[in-house]
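Step one of this worksheet: look at the structure below.
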Amino acid sequence: MNVSILIIEDEEQLAHAIKELLKRQKLQADTVYDGRTGLEYAMQGNYDLIILDIMLPEMDGLTVLRELRYHHKNTPVLLLSAKSEIPDKIKGLDIGADDYVTKPFDAGELIARVKALCRRTELYQGEILSKDKLQLNKNTYELSYGNQSITLGAKEFQIMEYLMQNQGKIIPKNHIQDKIWGYDCDSEYNNVEVYISFLRKKLLAIHTNVQIKSVRGVGYKLEVDNDGSD
Ligand code: CA
């Protein structure tokens, strides 16, 4: 794994111990010792993972995390917390941390969590879903067919991703509704219809033979139209 990790931890000895642990796994890491510097590094650097202590000078870890997510910096964050900081830990997960370990932690446990989070990033980057020759890039939201491509909006992407992940199945309209807009949203079904019609226009625009078929009274299904003019 060719990854780089940022460690934000004010106990310098611990920060260096973590860095050494990672190094033995061939994972490169930078260390910083206060929240404000940590935030600067995290915003400017291109890290694959941030190991973030909660109690930090200058700016606490949860504020760092909140600032990152507020600025759409979605680098995975592994929180380090003391036993006494359980409510903070929960708050941390709520504001966008990906996982946490409680100090004092076992080296093996830390490495396992780090690797799991890095793998998740690797899997995510550049992942492409396909149906016949139609491809959806999960990184760029680009839908392409042959040499033609078009970029999808966020909701269009989510619906297309869902349809492509469930190929061969009829997807009930209310499942799309729940998946994309959540259960506690009172938007009407025709939201789904509107976005499906946007997607159909985009599919037409790139001249693909893949279509979103309506199954009357049930939902939608991706189909390859072999009778079409390709
Ligand atoms: Ca600390």
Taking a straight Cα-to-Cα line shorter than 14 Å from LYS155, and setting aside same-chain aspartates and glutamates fewer than 8 residues away, one finds GLU142, ASP178, GLU193
Here, SER149 and GLU20, labelled 7 Å along Cα→Cβ, have an inter-label distance in nm of 4.5
Projected onto the charge dipole of the chain (unit charges on the beta-carbon of Lys, Arg, Asp and Glu, signs +1, +1, -1, -1), the Cα from MET55, VAL114, TRP181 with the largest positive-side position is that of TRP181
If each part is reduced to its alpha-carbon centroid, segment 1-44 and segment 48-93 end up apart, in Å, by 14
Given all pairs of distinct Cα atoms, segment 128-224 yields a Kirkwood Rh in Å of 13.4
If R0 = 41 Å, then ARG120 and HIS207, at their Cβ-Cβ distance, give a FRET efficiency to the nearest 0.05 of 0.75
For the table LYS73/LYS103; LYS23/LYS115; LYS133/LYS221; LYS173/LYS221, the rows whose alpha-carbon distance is greater than 19 Å are LYS73/LYS103
Taking r as the C-beta separation of SER130 and SER4 and R0 as 25 Å, the FRET efficiency to the nearest 0.05 is 0.25
For TYR100, other-chain or 5+-apart residues with amide H closer than 5 Å (H placed, Pro excluded) are LEU79
Once the in-chain neighbours fewer than 8 apart are removed, the aspartates and glutamates whose Cα is under 13 Å from LYS138 read GLU122, GLU127, GLU156, GLU161
For the chain, the charge dipole (Cβ of Lys, Arg +1; Cβ of Asp, Glu -1; about the Cα centre) points to a positive end, and the Cα of GLY153, PRO104, PRO76 closest to that extreme belongs to GLY153
Nearest 10, in degrees from 0 to 90: the angle of helix 190-205 to the longest Cα principal axis of the chain is 80
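Since every read-out is calculated from the coordinates, none of them should be taken as a lab result. Quantities reported herein were computed from a predicted structural model and do not represent experimental measurements. Quick reminder, even Gly has a Cβ in these numbers, built from the backbone with ideal geometry, and neighbours come from all protein chains shown.
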